[in-house]
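Novice: Below you will find the structure I want to go over with you.
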Amino acid sequence: MSYYLTADGGTESLRARIYDQRGECLGSQAIPYDTHFAPGRAEQNPADWWANFVAASRGAIAAASIDPAGIEAIAYATTSCTVVALDENGEALRPALLWMDVRAHAEAAAVLATGDPALALNGNGQGPVSAEWMIPKALWLKRNKPEIFARAHRICEYQDYLTYKLTGDWAASLDNAGLRWHYRSRDGGWALGLLEKLGLEDLEAKWPPRVVAPGTVIGTLTAAAAETLGLRRSVKVVQGGADALIGMIGLGVHKPGQLAMITGSSHLQFGVTTAPLSAPGVWGAYADIVYPDRWIVEGGQTSTGSIINWLSRLTGGPLDFPTLTADASALEPGCEGLIVQDHFQGNRTPHTDPLSRGAIVGLTLAHGPHHIFRAIMEGIGFGTRAILDAFDKAGYVGKEMTVGGGAAASELWLQIHADTSGLPVRVPKSPDAPSTGSAVLAGVGAGHFASIDDGIAAMVRPGHTIDPIPANVARYEEIYPRYQALYPALKEILA
């Protein structure tokens, strides 16, 4: 039996897992790292990523009780748009700008103002351009940290940093580059015209020189990496990508008309098409970034699980989740008048407004923590509904959602998503979608599957389905317009 080592480098922690060729997780370990927050800003120390990768990998191997010599390939998924400036030795010159860092909103506006053809992927060229993305963040570095920008040998992502530490090679993922760097696999590659208009011509030389598709072998372990991990040098390192996109693979969402929702600190919604699609409020469609000859349409919420974490910090946590969930489940939809706007770190879609903020509206002295707890989930559910509405208007109509990540562990949250969207919610046997997807890619890279689709058929197993409750669907249909009214009303107040 051959085994695969995977890693999911998320917002809060890095989790390593060991999988066999059937898709069974044999052992895992997660190790948290710190994030430093300021309004609109979020930073991490890249050295923590590597230290956690090593420690978690060794812990997962021990938990799996396998001979490390049986590990044939490594693949990993990480947060996307987590941008880092590195020197010639791969050491960070400053803390990384985490994906949710939106300080580059002025730079995002400058990118959009160029009107460059590379922007046509989003909203037919009318936007959005998000402050989260690679080019706005790189432009922010050049404008505000010019000495760091000048010294940087590479400006790349979390994914690419791990690749260098493992292989000594610089290679960007087609998944990240096509998704967030305006790279076009079918139309000229890098957006050099866009860089020129922004005075960023020197950025191209700082990006990794290779762009590698998910499932492709990048190389094998360096002697130093092999010794540090306790593995053979011949272990193959296989390209992964953005955690949410690799999560699509782990959820088995690879056919047109399917919807994937990856949950965690944020929510991301994806669909698969066989032709390009672009419309206001929808990101993409992106060619070939996960599956050859298919396009991906995207929506996303910046703050979801992170709002629950905020509530825990606010109340001096940790939260008593069993009690809160039981009390919240007993409430009627609407939480006795509470509505939450889920824009605690701005809005990704359908508004793409990094300056929008969260709100809890309708509070009375009768409300308790369980009301707020459920209202947060309902607000996030309405945020997802707004994204699916934008998909519908663009012509992409999903009939069901397949969900993975943190929210998949909460039956209440899944039911709220089913009821606010009016769609059945499916959860595969393993909801750890980025890790399962990485295991599929490792199997492809190791040569055990001819395609990602074949890997999905062999390794992703169905689980259970949560159907909408008609009475709840009807009640949320009454409340949803009030949620929709919050954004324009609060935008006026916060302007």
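Novice: Pairs, please: C-beta under 6 Å, at least 6 apart or cross-chain, first residue assigned by TED's automatic domain parsing to the domain that holds R232 and in segment 56-70, second assigned to a helix (DSSP H, G or I) and hydrophobic (A, V, I, L, M, F, W, C)?
Specialist: Final answer for the pair search is S57/L229; P68/I61.
Novice: Shifting gears a bit: Name every residue in segment 429-450 that is in contact with a Pro (Cβ under 7 Å, 6 or more places away or on another chain) and assigned to a helix (DSSP H, G or I), in order of residue number. Quick ask: steps written out before the conclusion?
Specialist: As a first pass, look at segment 429-450 and keep what is in contact with a Pro (Cβ under 7 Å, 6 or more places away or on another chain): 429, 441.
Scanning segment 429-450 gives a single hit, L441.
Novice: Can you find, within segment 275-301, the residue that is surrounded by the most Cβ atoms within 10 Å (Cβ to Cβ) among those that are in a loop (DSSP other than H, G, I, E, B) and at pLDDT 90 or above?
Specialist: Start the filter on segment 275-301 by keeping residues that are in a loop (DSSP other than H, G, I, E, B), which leaves 275-282, 288-294.
With the extra rule that they be at pLDDT 90 or above, the set shrinks to 288-294.
Details: D288: 18, I289: 27, V290: 29, Y291: 21, P292: 14, D293: 7, R294: 18.
So, considering only residues that are in a loop (DSSP other than H, G, I, E, B) and at pLDDT 90 or above, the one surrounded by the most Cβ atoms within 10 Å (Cβ to Cβ) is V290.
Novice: Which of the numbered conditions does A489 fail, given that it passes all the others? Conditions: (1) of a type in the set (G, A, S); (2) touching a residue at least 12 places away in the same chain (Cβ under 8 Å); (3) farther than 30 Å from P434 by Cα.
Specialist: (2)
Novice: Is it the case, given these coordinates, that K165 is touching a Leu at 6+ places or on another chain (Cβ under 9 Å) and either closer than 12 Å to V211 by Cβ or at pLDDT 95 or above (or both)? Outline the logic, then answer.
Specialist: Working: touching a Leu at 6+ places or on another chain (Cβ under 9 Å): no; either closer than 12 Å to V211 by Cβ or at pLDDT 95 or above (or both): yes.
So K165 does not fit the description; no.
Novice: Can I ask one more? Please verify whether segment 331-348 includes one or more residues that are assigned to a helix (DSSP H, G or I) and in contact with a helix residue (DSSP H, G or I) (Cβ under 6 Å, 6 or more places away or on another chain).
Specialist: Taking segment 331-348 first, the residues assigned to a helix (DSSP H, G or I) are 335-337.
Those left that are additionally in contact with a helix residue (DSSP H, G or I) (Cβ under 6 Å, 6 or more places away or on another chain): 335.
Yes - at least one qualifying residue is present in segment 331-348.
Novice: Could you list, in sequence order, the residues of segment 451-489 that are part of a helix (DSSP H, G or I) and of a type in the set (V, I, T)?
Specialist: I452, I456, V473, I479, listed by residue number.
Novice: Return yes when L179 is under 21 Å from G300 (Cβ atoms), within 24 Å of the chain's Cα centre (by Cα), modelled with pLDDT under 95 and hydrophobic (A, V, I, L, M, F, W, C) and no when it is not.
Specialist: Numbers: under 21 Å from G300 (Cβ atoms): yes; within 24 Å of the chain's Cα centre (by Cα): yes; modelled with pLDDT under 95: yes; hydrophobic (A, V, I, L, M, F, W, C): yes.
Yes; evaluated as a whole, the condition is true for this residue.
Novice: Still on this structure, please answer the following. Return yes or no: is A326 outside the structural domain of M100 (by TED's automatic domain parsing), part of a loop (DSSP other than H, G, I, E, B) and surrounded by fewer than 23 Cβ atoms within 10 Å (Cβ to Cβ)?
Specialist: Numbers: outside the structural domain of M100 (by TED's automatic domain parsing): yes; part of a loop (DSSP other than H, G, I, E, B): no; surrounded by fewer than 23 Cβ atoms within 10 Å (Cβ to Cβ): yes.
No: the conditions fail for A326.
The values are calculated or read from the model by the stated rules, or taken from the named source; none is laboratory data. Predicted model, so just to flag it, every value in this text is computed and none were measured. When we count neighbours, we look across all protein chains shown, and the Cβ atoms used for this are built from the backbone with ideal geometry, even at glycine.
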